[in-house]
């Protein structure tokens, strides 16, 4: 229960006489004012003229609101108590469904940079990336309710294929963190579902610029029965990049399925396979830019500085309605990653990172929603 309204004074109120002819009931104005030791908050217009005696003719508005809340994943935007923004499929397609960058950068407090559509990327919510100007950190990320943020705090943004997104909800600020710390907030993504007996689509994009060539193909197929639906999508893209040593490519498969056992038990499955490669051109001087803006740091070219990343993600979610007021959500998931990164972008900064990550996780939560009452 939430009491709304600005509180300017609190404490015992001494009244002159009795108050009557106001609505009956335990929360009526008469009951409140006749209680000499009331601890309700009352807005008083001029505290400088207020003494221990509250004049009977003063109008005292009291507003009570009851707000039902469950975890942030189920809260409607209007009931959230922290800044929330939402991006739909239409907004993504109207900007550029090769990347979520253009759509995210339209939201106040959100900043995303990337090196090409499939290159290295970074995402910041309210400046949280100031101490780590690369990658996606301090931001919790979820896809269909499954966490894709690793135990080290980094989030695999590349696992989310923009063409498969139905909507993205951004909860900004530390109050939006969920399950673990996320000082920047939370980004929750919902993937497209299939509502027709059969559905399929395919697209091919080809483009050429002054110094780069882009090719991208995306397909999706799925079906929906009475209690079971499934969708699979795939993408392959290749971009030469504007600068030397800036090429990148991406291969990805995404699979989702829903099975409704009955009206009280439901299962969701999420599977993602990703393989990406992007080169690192390194920094160049102003003189280099004036001579050839497409050039790269000679050491990056000689060292073949790049990132090669492979990811696999699989998760199962069970939703069980124990009763009309009590339900349970349980997630079990695994995230496997390999990374090879020769990062020799200049002579004073070179080396090799060969990283492997294997993570298994689970989460269960019970929620109870009593029938709302004003007492």
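Filtering region 346-358 to residues that are within 17 Å of residue 302 (Cα to Cα), touching a residue at least 40 places away in the same chain (Cβ under 8 Å) and surrounded by 12 or more Cβ atoms within 10 Å (Cβ to Cβ) leaves 346, 350. Applying the criterion of being in contact with a helix residue (DSSP H, G or I) (Cβ under 8 Å, 6 or more places away or on another chain) and modelled with pLDDT of 80 or more to the residues of region 164-184, the residue that is surrounded by the most Cβ atoms within 10 Å (Cβ to Cβ) is 171.
Any residue that is without any contact (Cβ under 8 Å) to a residue 24 or more places away in the chain and surrounded by 11 or more Cβ atoms within 10 Å (Cβ to Cβ) - is there at least one of those in region 334-345?
no
Cβ-Cβ distances below 6 Å connect no pair with a first residue in region 241-269 that is not assigned by TED's automatic domain parsing to the domain that holds residue 321, a second residue that is surrounded by fewer than 15 Cβ atoms within 10 Å (Cβ to Cβ), and a separation of six or more residues or different chains.
The values are calculated or read from the model by the stated rules, or taken from the named source; none is laboratory data. The structure displayed is predicted, hence computed values, not measured ones. As a convention, Cβ positions derive from the backbone with ideal geometry for all residues, glycine included, and neighbour counts pool all protein chains shown.
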